[in-house]
Amino acid sequence: MASSIYSLVYYSRNYIASDETTFAANVDQILAKSRLNNQRDEITGALLFNAGCFAQVLEGPLDTVEAAFERIQQDERHGDVSLLALNPIEHRSFPNWAMGFIGTSKIHAERFADIGSSSGFDPSRLTGDEINSLLRELAIEEEAA
Amino acid sequence: MNAVTSFLHKTEADPSSMPSYEKILELLPRPVIFVGSDGIVLYANPSTEVLLGTVIGRDVHELFPGFMSGLISMPGALSSVLVSWNEVAFEAAFAALGNGRFLIDLRPSLQASITSMPSDMDDLTGLAKRNALLSHLSCALSVKAPSSFVAIHCLDLDRFKMVNDMLGHAVGDLLLQKVANRLTSACRKGDIVARLGGDEFVVLQNDVNDEAAAETLASRIVDLVGRTYVINGHTINIGASVGVALSSAGIQARDLLRNGDLALYEAKRAGRGRYRTFESGMDALLLNRREMEIDLRRALALKQFKLHYQPFLDVTTNKVDGFEALLRWEHPKKGNIPPLSFIPLAEENGLIVKIGEWVIRAACMEALSWPEDMVVAVNVSPLQFKSDTLLETVAAALERSGLPAHRLEIEITEGALLDDTEKVVQTLNALRNLGVKISMDDFGTGYSSLSYLQKFPFNKIKIDRSFVAGHSTDSEAILRSIASLGRSLGMAITAEGVETAEQLARIRGERCTHVQGYLTGRPMSTHQIPDFLRQNDLQTEKL
């Protein structure tokens, strides 16, 4: 039987102004809004971010994943969205939806530590699947870009 | 009453004969509302209050929830249906009073019900249709503040047809809905998005401060609509081309839309996936192009094309090896039209294929009358390679004229090798198997990729004139390098554009095998060739 759960993976360039307060305020906003929507839409996954990019895995029913992606596409806070994968999956890699800072910036790592822990972000989940671990590496590379 | 209503209040000299205008308004059995530029009701006659309750000081959008995206819609000439907050339907007419203020005249509608609105709406996307757009636009133009503009963004989706063809109309329709949604999200309240049909959309942008503000939205539209879509598990990529036009004093809605369309045409011509802003002159330009296209379409039948021939000489013997056929258009009214003025157009509309076929046939016929073994070189456009008929055309031209294949040389530019290289190389090989010579034209101006030289064993490389004319040591070094590279690959080398004896001496020293240019012979008509050859033979003997 065909799987009814899909995984969508993308990464994009972060357009949020680089000043710290704006960046942090936007990150909070994204977390609050996405958490609400994704819970409603049965979407799990992970949103990785740093000053350079966003990288996200969305898992869930095709229609809600598509709707979420469409909302994401309309967001002005990022651009150059590369859709890396859209595939049916056997089972979810992530138990919930969470977001966390990923990168080498110490300041950001500290600043956004709360976001990660409060949303249940678990970087180790990113290493199980090939595309997910690729995404993680990509995000780190894009941090400085 | 407040100061605003006083403008309506003109007292008559003799009150007994004529009631004041204000009194007339008060007695009028239907509602009349005066709205300020911010959308707040400043005056309403008593009939209004009877039907709608207190309205002064309220927002017109609140009174009429369907009031299209905030704008002061629809021109005085057209009436449209407005439904009030308490669900009374009115036929509404509008009159602009300047500075963004306007008057609404409401007539309780007999047949108009709430459901009569959708006729102005596109079923698929819920956007305004053409008529509604025109109404909105006329009104926006009449009520806008003098210091601001109204901008029109006309857009077409690039590659939409392909999506429809490959994934079906159901997916195509979903895509259109998503596009509509993205456009709406890019706009502000007060802007209007319309779908004119197919994949044609128009955005009406209100309260535009300057051209930059319109361009910001245009580039936003190009970006947003061009982002990847995911629909039913399909990943879809399309693009948007946008034509922007800003209102000018006194411009009519239809003219502004037409300007937007002209700019859209330019955007598509410039390569799609981008926006262009209308500039005066674009219409004249398009008119010229259309005229020229009409003329070009019949030029072939009317035999207005001629071939001129420019000789190329062997640098060691100084003898003419052959001639390059050059296309000339002798327009009955405009005189000689240079190739650079019409070839790009012919390539754009595909006429180049038919014209190119004629060139090959005519060149083969004419070359047959030349002395033995003299070669005729013919330029072939990249588009002819794509047309699938090139091989057939060449074979037929040789057969019909009786010209031996080795006397025909096909000149191609790098452009021909850019797309679908494999197929082009296949055609080139087939041509060579016929016995035809193949040369690479204008080498040095494009990518000049050495891999092209490796992909196909050209008989000849023609080095672009810019390296011959160039006086710098750099261009000399490049000329020398290309020449020695070509020769070590066994190719002949023609230096183009040789105009002076000094240049000729130079290219002799740099291993070029052939020379072509004004110095050794200008392009000439076919009947001048015998004389030219005679002269040249005499000179060669003297040398």
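Cross-link partners of A:Lys106 among lysines, defined as those whose alpha carbon lies under 20 angstrom from its own and excluding same-chain residues fewer than eight positions apart, are absent. Here A:Asp114 sits with roughly 110 square angstrom of accessible surface, probe radius 1.4 Å.
Give the percent of DSSP beta bridges with both residues in the protein assembly as shown that are antiparallel, rounded to the nearest 5.
Numbers: 83 of 115 bridges.
Counting DSSP beta bridges with both partners in the protein assembly as shown, the antiparallel share is about 70 percent.
In this structure segment B:130-280 gives 40 Å² per residue of accessible area when probed at 1.4 Å with all protein chains present. Taken across both chains, chains A and B shield about 1200 Å² of accessible surface from a 1.4 Å probe. A 1.4 Å probe run over segment A:5-142, with the rest of the protein chains in place, finds 47 Å² accessible per residue.
Against the main long axis of the alpha-carbon atoms of chain A, helix A:20-40 sits at an angle near 20°. Under a Cβ-only charge scheme (Lys and Arg +1, Asp and Glu -1), can you give me the dipole magnitude of the protein assembly as shown about the Cα centre, in debye to the nearest 20? Dipole of the protein assembly as shown, to the nearest 20 debye: 1420 debye.
Tell me, which longest segment in chain B has none of the GluC sites (Glu not before Pro) that fall in DSSP loops with at most 16 further Cβ atoms within 10 Å? In short, B:88-278.
Taking all protein chains into account, the per residue accessible area for segment B:291-542 stands at 48 Å² (1.4 Å probe). Averaged over the residues of peptide B:227-236, the number of Cβ atoms from other protein chains lying within 10 Å of each residue's Cβ is 6. Axis angle, to the nearest 10 degrees, between helix B:339-348 and the longest C-alpha principal axis of chain B: 60 degrees. For chain B, the longest stretch holding no chymotrypsin sites (Phe, Trp or Tyr not before Pro) located in a DSSP loop with at most 12 other Cβ atoms within 10 Å is which? Longest site-free region, per DSSP loop and neighbour criteria: B:1-446. How far is the Cα center of segment B:388-404 from the Cα center of segment B:208-282, in Å? Measuring centre to centre over Cα atoms gives 45 Å. The aspartates and glutamates within cross-link reach of B:Lys23, meaning a Cα-to-Cα straight distance under 19 Å and a gap of 8 or more places when in the same chain, are B:Glu12, B:Asp14, B:Glu49, B:Asp105. Taking every C-alpha pair closer than 8 Å and separated by at least 6 residues, the mean separation divided by the residue count of segment B:428-502 gives a relative contact order of 31 percent.
Quick one: work out the % antiparallel among DSSP beta bridges in segment B:291-542, nearest 5.
40
Distance between the pseudo-spin-label points of B:His169 and B:Ala501 (7 Å out from Cα toward the beta carbon): 7.6 nm.
Based on Cα contacts under 8 Å between residues 6+ apart, chain B shows a relative contact order of 8 percent. Atom-type composition of the exposed protein surface of the protein assembly as shown places 53 percent of the accessible area on carbon and sulfur (1.4 angstrom probe). Choose one of B:Ala469, B:Pro371, B:Ser381: the residue whose Cα lies farthest towards the positive end of the charge dipole of segment B:291-542 (beta-carbon charges +1 Lys, Arg; -1 Asp, Glu; about the Cα centre). So the residue furthest toward the plus end is B:Pro371. Taking B:Met374, B:Met121 and ordering them by how much accessible surface each has at a 1.4 Å probe, largest first, produces B:Met121, B:Met374. Against chain B, whose longest principal axis is taken from its Cα atoms, helix B:473-488 shows a tilt of about 60°. The distance between label points at B:Ser488 and B:Leu300 comes to 4.4 nm (points 7 Å beyond Cα on the Cα→Cβ vector).
Listed by chain and number, the lysines placed with their C-alpha closer than 28 angstrom to that of B:Lys386 are B:Lys161, B:Lys268, B:Lys303, B:Lys306, B:Lys354, B:Lys423, B:Lys437, B:Lys455, B:Lys460, B:Lys462; residues fewer than eight positions away on the same chain are left out. Considering only B:Val244, B:Met162, B:Ile221, the residue lying farthest towards the positive end of the dipole of segment B:130-280 is B:Met162, judged by Cα position with unit charges set on Cβ.
When the square roots of the Cα gyration tensor eigenvalues are ordered a ≥ b ≥ c, the ratio a/c for segment B:130-280 is 1.5 or more and a/b exceeds b/c, which makes its shape prolate.
The values are calculated or read from the model by the stated rules, or taken from the named source; none is laboratory data. Since we're looking at a predicted model, the values are computed, not measured. Here Cβ is always computed from backbone atoms with ideal geometry, including for glycine, and neighbour counts include all displayed protein chains. Note: accessible area is taken over every heavy atom of the protein model, side chains too, but ligands, DNA and RNA are not part of it. Shrake-Rupley method; radii C 1.70, N 1.55, O 1.52, S 1.80 Å.
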